[in-house]
Amino acid sequence: MLEELVNDVSKIVGSENAYFDLPTRILYAQDPMPYDVEERNIPYVVVRPANAEEVSKVLKYANEKKVPVHVHGAGTSLGGLARPKTNCILIDMRRLNEIKVYPERGYFEAGAGARVWEVRRALAEHSCMLPAFPGSERIATIGGIVATNTSAHAVDAALGKPGDFVLGLEVVLPTGEVIETGTESTRRPAGVELTKLFVGCEGIFGVITKVRMRLIPNIRTRNIVAYFDRVDGILDTVMDMYRKGVLPPLFFEFLDESAAKIGFEAVGLSEPKGSVCIATVHDWTEKGVDEKAIKFLKFLREEGAREAREVVDEVEWKKIWGSRAEVGNYLNRKGVLAGVEITPRVDFLKDAYYETKSLKGRFKSYKNPEFYSFGHVGAPTLHAEFLIPTKDVPNEVKKRFIMEVRIKTEEINAKYRGCGGEWGITAQRIDFIKKRYGDAYYELLKKLKSTLDPNNILNRGNLEGWW
Amino acid sequence: MSREELLRVLDRCQKCRFCIDQCPVYSYIDNAEYLAPYGRIQSMRYMLKGSYTVNDNLLYYIYTCLICAGCEIVCREAGESLEVSKLIRRSRTILSDALLRGEVEGTESSVLSYLLSSIVNNIRRVGDPLGLDKPYWLNWALSINVPKKGSTIILTSRMYQMAPYLPQITKLVDQARGMVSSKLLRKIITKASGLGLKISELRLKREIVNRSERILQGIYLSLTKLGLNPSFLYEDEPYSGALLYDLGLDDPLVEHSKKVYRLLKERDVKTVITVDPHTFFMLKQVYPSIIDGFDIEVRHYIEVLSSNIDVISKWNKLGGRYVIHDPCTMARDLGVIEEPRKVIEGLGIDLVEPEDKGIETKCCGGPIEYAYPKLSKKIALERLKRLSKFHSKIVSYCPICWINLGSYEEELNLEVRDLGELLYEVFFKTK
């Protein structure tokens, strides 16, 4: 059977774009999850199609042979999305990377495999921006961004999610048909229209092969840092920002006391006393952004910031902004890290934070892991990081720990009425979906899936729940 | 570093994949992830964990690494700071043990075994990887009467002299890869003591040989204009062993470097002035880690020139405009970035900076030409394409970059010059 598969897929994509050797199959299956690939995750073959037509042929073939297909963007998902859940044909989307900017039409089109930085660079030539800010910018693909609908660091309420700018898509359905959705007008369709079904579907309902997005003129920004005695001050500030109708900044990050200490030390800044708030306000004019910065600084001071100031020195800003990434880097170096995203209803933010923190003493798979928190608090997203402070941990313990952290923190998301906002982690949170929305919702999802994908070919396992 | 220690370091890879676009082998030629740093690290890691044994594919992934360290910058930014080049070299040590013991089946392993054993044998036999039958590295010095004795020497390490032979020899290797069956190759390995080629068998481009000699003469003359008169070891001129280092051939490297050091001490050498990045790196950083009490002063001619910029700025001005290509070893391993710029601009040249410059320079593809000339060519062509966006005249200061990029200057209608050639022009005003 394997030999036949080898021959058949080679005919579709060309033998130079089909890989069967074990090292390649394993390394494509590996994702940033801290435990190794297992036999069941390893694809039978890795293919690199050049266009939607070849993707379509692969899917038609997979349906005929009843072989699952896994779609690989950049493989950077932190929540298990990038790891095949079963032996499969793995499609690497990288070769679909053409970018065309049409200023006269008010949009750009990009192949799903185009890197975020490549798209950003192409847009910059037309003084436009991309509304997505992943930490994995160097490698993340636009297809992955739209398939998870993540704005990453950005505060949704400030600019919106990528999906808000998607005008249309080219999609290969799980059964192999190629469809186009949306419009070529800058006026997004009202009423029933299928683009929204595929934006954020994590490849369950179809393979996005091309994205069309509205052009957004470049923004002006001002950078701000503020120090609070305690993390409570920042949490209260976020809640007040929404309650009082203060315009949210584009970026609104925080580092709790312990994270701030690590992050600032790593970038060579003196230790901040207390918690740190890092924000970037934006506007389309210099005057506008200056006004916003003044207002936001005033707001921070009124909320009790010990110090709140604009950072004009680029070197200093690079350090301050880099401090939050350095926390993750430090923790990853130190041991096994289970990171989560808590996105509560904003008026529950403080409760959610403390309940998450209290989990520390309640894990069974590993007693008393270290706790750190940082993230895009203005969104609100709390990245809670639970750390086993050693790398020397068996694979099984790592898996059990990560699973337990995920389950317990998703219970907090369910309790405080949130639903994540950044990572494609459906496969790890089926329990959450059932708990948060009920069985009828989950059954509807499954019906939709089986309607579009009767043989359950595409990204099998993501909707079943998997570890 | 033991296998266990290597695995422990490889385990630190966070699998973020941020490094992959940094690798020219991956990003310049639309390859798959196995030809990226991430892929190489994970391939080796899973092999060490026992998921598979050494095989042809793994060998291809590990030996196609350029050892250019471009990925290490990103790894640092991503917070892990893996020294990928060192890890690949260490991986090669492990793989070469298996290869040279004949434990691996397949075409790739046969070709690599053949190459590795030839390189080692040639270095043992005649002192450098080429294994040619006559000393080919003297002519440049004979015609300008470089002295034979002195405590300060110019150490060419035969690098610029070797360069004109490389395209011919790698062509032979490529032909062998296509024509010789795995069984036959293995047979050859057991018999072969080296490539053992005769100079007369190689069809050299005379102009390239002349240029390589002019490069060395230009460098040498510029040193004499500063009042230095380093000697040259002529027949005894040693090769540094840089290729042994890159290929992770540790035991032959130790043996060879000790031999070189012994020779230098016997000749009472106190200071060496190197002319290429690889020899400079070897003597400056690798030899002291191998040889206890290494006490020879190691300099590079560009450093010498840049510290005499007042003198240089009084020399004839060349004029013209060039885009600079920083050699990886010089920029990333040795941190020499400003000095060559100072010297080139001191010669009255209008220097253009490309997009990938300094510490972020991209490799020319040369380090894998010995075994993968087609892949190396693709990388060189892409690098040239990117450099030529800034200017059609390119200047560099490494024999590997010079020959590898220069091989395609006619094909792309570009001009690739070594700094040594420009120095030669300063004194002789001929191209």
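The values are calculated or read from the model by the stated rules, or taken from the named source; none is laboratory data. Source: prediction; values computed, not measured. Methodologically, a virtual Cβ is constructed for each residue, glycine included, from the backbone with ideal geometry; neighbour enumeration extends over all protein chains shown. All accessible areas refer to the heavy atoms of the entire protein, side chains included, with ligands and DNA or RNA removed. Shrake-Rupley method; radii C 1.70, N 1.55, O 1.52, S 1.80 Å.
Points to keep in mind about this one:
- Here the accessible area is traced with a 1.4 Å probe on the protein chains. For segment A:99-217, carbon and sulfur cover 51 percent of it.
- With a threshold of 25 Å on the Cα-Cα distance, the over-threshold entries among A:K273/A:K319; A:K364/A:K446; A:K85/B:K362 are A:K364/A:K446; A:K85/B:K362.
- Here the Karplus curve 6.51 cos²θ - 1.76 cosθ + 1.60, taken at θ = phi - 60°, turns the phi angles of segment A:364-377 into couplings of 9, 6, 8, 7, 6, x, 6, 10, 9, 9, 7, x, 8, 4 Hz, with x standing for Gly and Pro.
- Computed from Cα atoms alone, the Kirkwood hydrodynamic radius reported for segment A:23-65 is 12.0 Å.
- Which listed pairs, of B:K357/B:K385; A:K196/A:K447; B:K259/B:K377; A:K334/A:K357, have C-alpha distances above 23 Å, in listed order: B:K259/B:K377
- Over segment A:2-92: Rg over Rh, Cα atoms, Kirkwood Rh: 0.95
- Loop-resident trypsin sites (Lys or Arg not before Pro) (DSSP state other than H, G, I, E or B) in segment A:201-252 with no more than 11 further Cβ atoms inside 10 Å of their Cβ: A:K244.
- Pairwise label distance in nanometres, B:E5 with B:R101, each label 7 Å out on the Cα-Cβ vector: 2.0
- Taking the C-alpha atoms of chain A, convex hull volume expressed per residue in Å³: 148
- When the solvent-accessible area of segment A:372-467 is split by element, carbon and sulfur atoms take up 53 percent of it, the probe being 1.4 Å.
- With contributions of -39500 (n - 2.57) from each DSSP H run of at least four residues, the per-residue ellipticity at 222 nm computed over the protein assembly as shown stands at -13000 deg cm²/dmol.
- For chain B, modelled as a GNM whose springs connect Cα atoms under 10 angstrom apart, the maximal fluctuation among B:S113, B:S306, B:S51 occurs at B:S51.
- A:V71 long-range amide H proximity, modeled H, under 5 Å: A:I91, A:N459
- Buried surface for the B/A pair, taken as the accessible area of each chain alone minus that of the pair with a 1.4 Å probe, is close to 2600 Å² in total.
- Modelled spin labels at A:I294 and B:S151, positioned 7 Å past Cα toward Cβ, are 7.2 nm from each other.
- Seen against the Cα atoms of chain B and their longest principal axis, helix B:373-388 is set at about 50 degrees.
- Cross-link reach list, lysines versus A:K287, counting only Cα pairs under 16 Å and skipping chain neighbours closer than eight places: A:K295
- Evaluated at q = 0.14, 0.19 Å⁻¹, a Debye calculation over the C-alpha positions of segment A:276-336 (equal weights, vacuum) places log10 I(q)/I(0) at -0.54, -0.82.
- The residues of segment B:31-54 occluded by other protein chains by 50 Å² or more of accessible area, set against the chain on its own, are B:E33, B:Y34, B:Y46, B:Y52; surface from heavy atoms, 1.4 Å probe.
- An ellipsoid equivalent to segment A:220-328, defined through the eigenvalues of its Cα gyration tensor, has semi-axes of 22, 17, 10 Å when rounded to whole angstrom and sorted largest first.
- DSSP-assigned coil residues among chymotrypsin sites (Phe, Trp or Tyr not before Pro) in segment B:214-275, each with at most 15 further Cβ atoms within 10 Å: none
- Looking at the protein assembly as shown, the pairs of alpha carbons with a distance over 53 Å make up 22% of the total.
- The HN-Hα couplings worked out from phi for segment A:211-226 by the Karplus form 6.51 cos²θ - 1.76 cosθ + 1.60 (θ = phi - 60°) are 10, 10, 10, 5, 6, 10, x, 3, 9, 9, 9, 10, 9, 9, 10, 9 Hz, whole numbers, x standing for Gly and Pro.
- Couplings 3J(HN,Hα) of segment B:301-309, computed from phi: 4, 5, 5, 4, 5, 5, 7, 10, 5 Hz, in residue order, whole Hz [Karplus 6.51 cos²θ - 1.76 cosθ + 1.60, θ = phi - 60°; x for Gly and Pro].
- Cα-based shape type of segment A:99-217, given that a ≥ b ≥ c are square roots of the gyration tensor eigenvalues and the cut on a/c is 1.5: rounded
- For segment B:1-88: relative contact order, % (alpha-carbon pairs under 8 angstrom, 6 or more apart): 32
- Euclidean distance between Cα centres, segment B:261-284 to segment B:1-60, Å: 34
- A DSSP coil position with no more than 13 other Cβ atoms inside 10 Å describes the following trypsin sites (Lys or Arg not before Pro) in segment B:66-171: B:R101, B:K149.
- Average accessible surface area per residue within the protein assembly as shown, 1.4 Å rolling probe, Å²: 39
- Net charge in the neighbourhood of B:K270 (other residues with Cβ under 14 Å of its Cβ; Lys, Arg +1, Asp, Glu -1) is 0.
- Built amide H within the under 5 Å cut-off of A:A114, gap 5+: A:I142, A:G143
- With the convex hull drawn over the C-alpha atoms of chain B, the volume per residue is 137 Å³.
- Förster-model FRET efficiency, 35 Å R0, B:R12 and A:E307, C-beta, rounded to 0.05: 0.40
- Amide H to amide H, with H built 1.01 Å from N, A:T209 comes under 5 Å of A:E170, A:V171, A:V172, counting only residues 5 or more places away or on other chains.
- Separation between Cα centres of segment B:116-134 and segment B:309-339, rounded to whole Å: 33
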